[in-house]
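**Student:** For reference, the structure I am asking about is given below.
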Amino acid sequence: MSRYTLQPGMIVPQTPFYYCDIDLLQRTLQTATTEAARYGYQIHYAMKANAEPHILYEIQQAGLGADCVSGYEVECAIENGFHPSKIVFAGVGKSDREIEYAIRQGIFAFNCESLQELEVINELAGRLGKQVNVALRINPDVRPHTHHYISTGQSESKFGISYAEIDAALAELHAMKNIRIFGLHFHIGSQIRELESFAELAGKVNEIAAWFTSKGVELRHLNMGGGLGIDYNDPDGEPIPDFAGYFRTFHENLRLTPGQTVHFELGRSIVAQCGELITRVLYTKTTAGGAHFVITDAGMTELIRPALYSARHKIENLTAAAERRPIGLCSIAGPICESSDIFARDIEFPESHRGDILSIRSTGAYGSIMASHYNMRPTAPSRFSDGTIWGQSNLAEL
Ligand code: LLP
């Protein structure tokens, strides 16, 4: 059941809002850090999943670093207490201003995605009189079992450098005096539930790392990216993802050289299950064809995943008591003027009424952070289980 519980007589605040269970977040962080520590692995939290200050505070307190994909994320990480020495900066299109900013802040490393980018970083670092650490993001050509929009490590994807390309440029790289290539970075995709994909990645990393070593490049760090998936169908069955199995898979399959450290950039698996989107039923209707619709006050502006990736999130009616009969197949739709603004199509759902409160589960990752103002809607606030509220000032006074 939803972690947001309705008590008799309780007045539910203005909807929609995001709800976050801080206790579950802390337990998730505890499990992730304990399992990583078994092998001396380090985690940089992928801020793109959720950058709400309260969440960042908990993550930073748990000792994780930050994985950023824009200068704005780097700035946000620093503002929220992450030490620059624990920040990595990735992304296929870093602007000169973003690069300069990150160099000035003295971040731990850049994950570089092209030879041109290496040249730009080398030049900008030279101008600032600094030497910067760089990990090369190598495209390992691994095809994970996930949605094609969120798989990133195949040869045809826009991400990363192929090592054939590096071979040709190696002499040039050695001449770039303001950058120090100290590691490799990989990320094959997101929402990966089959651990064999990670075993396959580790196998490819072994080959690629051996190739670099044979060319005289000393690799102090190997960064395996993120991608561990969560159970969207049964968030209560597996509230904390299988970090033990995930890290064990790398431990069993990666071949390390002495002193080499392994880094991860987990996003979804850290924050997804802690979050829910709480929404109210505005209307119910049945079409001439007999299809039932429940129209909610949250839409694709608060959670775009179903519209963008056909993602399925579990939805519960928190008001409907057990005795409410099932309505039969029903679709849950938002208020936005787009036919794709549908959270779920033809699901079994209890009979619902105007005013009922629903929870859309597992929205802690890629929920609020991907929100938009389409139809001029304000940002929905976030409410935390410890009573903290964030972003309420965004609410329009209507
Ligand atoms: N590192 C890199 C280089 C990435 O591109 C990503 C995610 C991560 C780490 C974190 O991956 P995670 O552990 O969260 O799977 N908006 C999509 C997901 C996009 C993921 C983009 N990259 C969704 O809602 O499913």
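**Student:** Considering segment 207-231 alone, what residues qualify as being surrounded by fewer than 19 Cβ atoms within 10 Å (Cβ to Cβ) and within 30 Å of Cys274 (Cα to Cα)? Quick ask: steps written out before the conclusion?
**Tutor:** Residues of segment 207-231 that are surrounded by fewer than 19 Cβ atoms within 10 Å (Cβ to Cβ), as a first pass: 207, 210-211, 213-218, 220-221, 231.
Across segment 207-231, the qualifying residue is only Asp231.
**Student:** Kindly provide the set of residues from segment 307-352 that are within 30 Å of the chain's Cα centre (by Cα), assigned to a loop (DSSP other than H, G, I, E, B) and among the acidic types (Asp, Glu), ordered by number. Before you say what the answer is, go through the steps one by one.
**Tutor:** First, the residues of segment 307-352 that are within 30 Å of the chain's Cα centre (by Cα): 307-318, 330-349.
Still in the running and assigned to a loop (DSSP other than H, G, I, E, B): 310-314, 318, 334-341.
Of everything in segment 307-352, those that are within 30 Å of the chain's Cα centre (by Cα), assigned to a loop (DSSP other than H, G, I, E, B) and among the acidic types (Asp, Glu) turn out to be Glu338, Asp341.
**Student:** OK, next. For residues in segment 164-189 being touching an Asp or Glu at 6+ places or on another chain (Cβ under 9 Å) and either within 16 Å of the ligand (Cβ to nearest atom) or among the acidic types (Asp, Glu) (or both), which is nearest to Leu219 (Cα to Cα)?
**Tutor:** Within segment 164-189, the subset touching an Asp or Glu at 6+ places or on another chain (Cβ under 9 Å) is 172, 176, 178, 181-182, 185, 187-188.
After this cut, where a residue has to be either within 16 Å of the ligand (Cβ to nearest atom) or among the acidic types (Asp, Glu) (or both) as well, the list is 172, 185, 187-188.
Numbers: Glu172: 18, His185: 11, His187: 17, Ile188: 20 Å.
If we take residues in segment 164-189 being touching an Asp or Glu at 6+ places or on another chain (Cβ under 9 Å) and either within 16 Å of the ligand (Cβ to nearest atom) or among the acidic types (Asp, Glu) (or both), then His185 is nearest to Leu219 (Cα to Cα).
**Student:** Mind checking whether some residue in segment 183-190 is surrounded by 15 or more Cβ atoms within 10 Å (Cβ to Cβ), part of a helix (DSSP H, G or I) and at pLDDT 95 or above? Break it down into steps so the answer makes sense when it comes.
**Tutor:** In the first step, residues of segment 183-190 are kept if they are surrounded by 15 or more Cβ atoms within 10 Å (Cβ to Cβ); the result is 183-190.
Right, trim to part of a helix (DSSP H, G or I) and you get none.
Within segment 183-190, not a single residue is surrounded by 15 or more Cβ atoms within 10 Å (Cβ to Cβ), part of a helix (DSSP H, G or I) and at pLDDT 95 or above.
**Student:** Residues that are over 24 Å from Leu25 (Cβ atoms), at least 3 per element: which helices (runs of 4 or more DSSP H) completely within segment 194-293 meet that?
**Tutor:** Values: elements: 195-214, 243-253, 268-271.
Of the helices (runs of 4 or more DSSP H) lying wholly inside segment 194-293, those with at least 3 residues that are over 24 Å from Leu25 (Cβ atoms) span 195-214, 243-253.
**Student:** Another question about this same structure. Taking Phe89, is it surrounded by 22 or more Cβ atoms within 10 Å (Cβ to Cβ) and either among the aliphatic types (A, V, I, L, M) or in contact (Cβ under 8 Å) with a residue 40 or more places away in the chain (or both)?
**Tutor:** Numbers: surrounded by 22 or more Cβ atoms within 10 Å (Cβ to Cβ): yes; either among the aliphatic types (A, V, I, L, M) or in contact (Cβ under 8 Å) with a residue 40 or more places away in the chain (or both): no.
Against the criterion (surrounded by 22 or more Cβ atoms within 10 Å (Cβ to Cβ) and either among the aliphatic types (A, V, I, L, M) or in contact (Cβ under 8 Å) with a residue 40 or more places away in the chain (or both)), Phe89 does not qualify.
**Student:** While we're here: Only one of Ala291, Ala365 is among the aliphatic types (A, V, I, L, M) and in contact (Cβ under 8 Å) with a residue 60 or more places away in the chain; which? First the steps, then the outcome.
**Tutor:** Details: Ala291 fails: in contact (Cβ under 8 Å) with a residue 60 or more places away in the chain.
Among Ala291, Ala365, only Ala365 is among the aliphatic types (A, V, I, L, M) and in contact (Cβ under 8 Å) with a residue 60 or more places away in the chain.
**Student:** Taking the residues in segment 242-293 that are touching a His at 6+ places or on another chain (Cβ under 9 Å) and of a type in the set (A, V, I, L, M, F, W, C) as candidates, determine which candidate is farthest from the ligand (Cβ to nearest atom).
**Tutor:** Checking each candidate, the answer is Val281.
**Student:** So for segment 1-18 (the condition being within 30 Å of Gly355 (Cβ to Cβ) and outside any loop (DSSP other than H, G, I, E, B)), does at least one residue qualify?
**Tutor:** yes
**Student:** Among the residues of segment 134-175, which ones are more than 30 Å from Leu308 (Cα to Cα), at pLDDT below 85 and not acidic (Asp, Glu)?
**Tutor:** Those that are more than 30 Å from Leu308 (Cα to Cα), at pLDDT below 85 and not acidic (Asp, Glu): Tyr163, Ala164, Ile166, Ala168, Ala169, Leu170, Ala171.
**Student:** Please state which of the following conditions His373 fails to meet, knowing it meets all the rest: (1) under 22 Å from Pro53 (Cα atoms); (2) surrounded by 16 or more Cβ atoms within 10 Å (Cβ to Cβ); (3) more than 16 Å from the ligand (Cβ to nearest atom).
**Tutor:** The failed condition is (2).
**Student:** Please specify each residue of segment 71-92 satisfying the condition of being within 12 Å of the ligand (Cβ to nearest atom) and in a loop (DSSP other than H, G, I, E, B). Don't jump to the end; show me each part of the working.
**Tutor:** Step one: list which residues in segment 71-92 are within 12 Å of the ligand (Cβ to nearest atom), which gives 73, 88-92.
Of everything in segment 71-92, those that are within 12 Å of the ligand (Cβ to nearest atom) and in a loop (DSSP other than H, G, I, E, B) turn out to be Ala90, Gly91, Val92.
The values are calculated or read from the model by the stated rules, or taken from the named source; none is laboratory data. What you are looking at is a predicted structure, and each value in this text was computed from that prediction instead of being measured. Counting neighbours? That spans all protein chains shown, and the Cβs are built from the backbone with ideal geometry, glycine included.
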